[in-house]
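Report on the following structure.
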Amino acid sequence: MLLEDWIRLQPGEREDLLRDARRVAAQLPPATGPGRTVALAFGRDLRAFRASIVACWLRGYGAAVVENDLRERIMPVLEHPSVDHLLHDTGSGRAIQVPALLARDDEPGEDAPAELRGLAPSPMLLVHVQDDDGDVTWCAWGPAELAAAADAAGRWDGPRSPAPSTPGKLGQLFCTTLAPMRGAAPLTPSSERVEGVEVPGAPATASRHAAMLAELCAEDGVDDAAVVHHADGRPLVALSGARAPEVAARLPDALAVDAVPRDPNGQPMRAALCLKFGLGRSGAPVTRTLAWREVARGPDEATWRTEVPSDYLFYEGHFEGYPVLAGGVQLHELVLPRLRASAGDLPALEQLDGVKFLARFVPGDTVDVTLRRLDDPQRVTFEVRRGETRCTTGRRSFAAPVAALDRHEVEPS
């Protein structure tokens, strides 16, 4: 199938879309082989989103669409083995920012595709779809399958509303981008929210617990309810509202929250809810605290040792296949607690300086945290080591002198 046969726009619309798409495609190298994809993460700009999809196809890539522009939804798509590049409108510093690109007046580079190309049978579209329980499924369409699904969406006549929605949400994607490209409707500058559209080849997104959730939300004093699944499959119920604590107390695996966190499309934010249940972002149990033992301790120097657990919470999401403990986490979870365990209550912090992150340590590593009071007792240096390797160093300055590091007698946590 040729791309020119797949896109059935009116001549003026076709020219505008292809002009935008060529500008974006000029930023992408040709795909290195079949099955390669480009991740698309868009929260609002429908024009840029449509141009990016066609740009992928012009360069021989499939489009790996993220349903919204939240980081927790983008990262699993970027980590998919087929993904080579990212196109987005998120405001982050990562290339390639498509709205800024389309706002330029210059012409695409000489290597921009000049003609529509044939479509490979490998997936033309790859989508990471979340259902209303926060569970995520990959689904993909080749050219003929995608044409059939888009044509079916073009015949859909269900409810629409002006409520905002991200262009990558499955219903929006098919009804306001793909179906119009097939000539089912004009390309419009904005998308309405569509609800209930059934897309051939896509998983059902309705909650398996819809009846239970509806019953809970009908209770007086319950404003919202959502379900996410524990890694072992158990449903975990989050409730909000004035009587949510009372209702949650009657249910197994239920928790009252101030508000159910939801994404821009109204779906529960799985990672945020799992964290509220004391689990990792994926719903698996995690270790939140570290077990420390004292190695050496004197008035002006103390060293503590811990083994970083393999399921340590703060490694989640940083990063698949290359675990990195964020600098802020090191300071908050390693250095500061050991300083309190050594010196007791601390004066107000005035300055943090000289911080260097020299090497990383990973789950399973044993690390030492060494603290040193300087001649000026208002200043304390810290060092994190993995064996002989210095990983992190820095200095904290306080508003008053820090007590001797061997005076605190509380049993270390």
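The values are calculated or read from the model by the stated rules, or taken from the named source; none is laboratory data. For clarity, every value in this text was computed on a predicted model and none was experimentally measured. Note that we place each Cβ from the backbone using ideal geometry, even for glycine, and neighbour counts take in every protein chain shown. Side chains are part of the model used for accessible areas, which takes the heavy atoms of the whole protein and leaves out ligands, DNA and RNA. Shrake-Rupley method; radii C 1.70, N 1.55, O 1.52, S 1.80 Å.
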inquiry  = Looking for something out of contact with any Gly (no Cβ under 9 Å at 6 or more places or on another chain), open to solvent by less than 20 Å² (accessible area, probe 1.4 Å), more than 30 Å from P30 (Cβ to Cβ) and of a type in the set (S, T, N, Q) - is there at least one such residue anywhere in the stretch 115-130?
reply    = yes
query = In the stretch 179-214, how many residues are touching a Leu at 6+ places or on another chain (Cβ under 7 Å) and not in a loop (DSSP other than H, G, I, E, B)?
reply = 2
key: Test: T137 is open to solvent by 10 Å² or more (accessible area, probe 1.4 Å), within 20 Å of L178 (Cβ to Cβ), among the β-branched types (V, I, T) and in contact with a strand residue (DSSP E or B) (Cβ under 8 Å, 6 or more places away or on another chain)   = yes
key: Criterion (more than 17 Å from H318 (Cα to Cα) and without any contact (Cβ under 8 Å) to a residue 60 or more places away in the chain) met by exactly one of L279, L273, L290   = L290
Condition met for D345 (over 25 Å from L275 (Cβ atoms), surrounded by fewer than 15 Cβ atoms within 10 Å (Cβ to Cβ) and either at pLDDT below 95 or under 27 Å from the mean Cα position of the chain (by Cα) (or both)) = yes
key: Test: L352 is closer than 25 Å to E307 by Cα and part of a strand (DSSP E or B)   = no
task = Would you check which residues across the stretch 147-177 are out of contact with any Pro (no Cβ under 9 Å at 6 or more places or on another chain), in contact (Cβ under 8 Å) with a residue 40 or more places away in the chain and either among the polar types (S, T, N, Q) or open to solvent by less than 10 Å² (accessible area, probe 1.4 Å) (or both) and list them?
result = A147, P167, G168
ask   = Would the stretch 141-159 turn up any residue that is modelled with pLDDT under 80, over 14 Å from I53 (Cβ atoms) and over 27 Å from the mean Cα position of the chain (by Cα)?
value = no
request  = Could you figure out which of (1) open to solvent by less than 70 Å² (accessible area, probe 1.4 Å); (2) at pLDDT below 90 isn't true of A21?
outcome  = (2)
Given (1) crowded, with 18+ Cβ neighbours inside 10 Å; (2) touching a Pro at 6+ places or on another chain (Cβ under 6 Å), number of the condition W304 does not satisfy = (2)
ask   = Is one or more of the residues making up the stretch 43-61 open to solvent by less than 20 Å² (accessible area, probe 1.4 Å), part of a strand (DSSP E or B), touching a strand residue (DSSP E or B) at 6+ places or on another chain (Cβ under 8 Å) and over 20 Å from G91 (Cα atoms)?
value = no
query = What pairs can you find where one residue is in the stretch 15-39 and at positive phi, the other is part of a loop (DSSP other than H, G, I, E, B) and of a type in the set (S, T, Y), and their Cβ atoms are less than 7 Å apart, with a gap of 6+ or different chains?
reply = G35/S82; G35/S122
key: Sole residue being open to solvent by 40 Å² or more (accessible area, probe 1.4 Å) and at pLDDT 90 or above, chosen from G328, G321   = G328
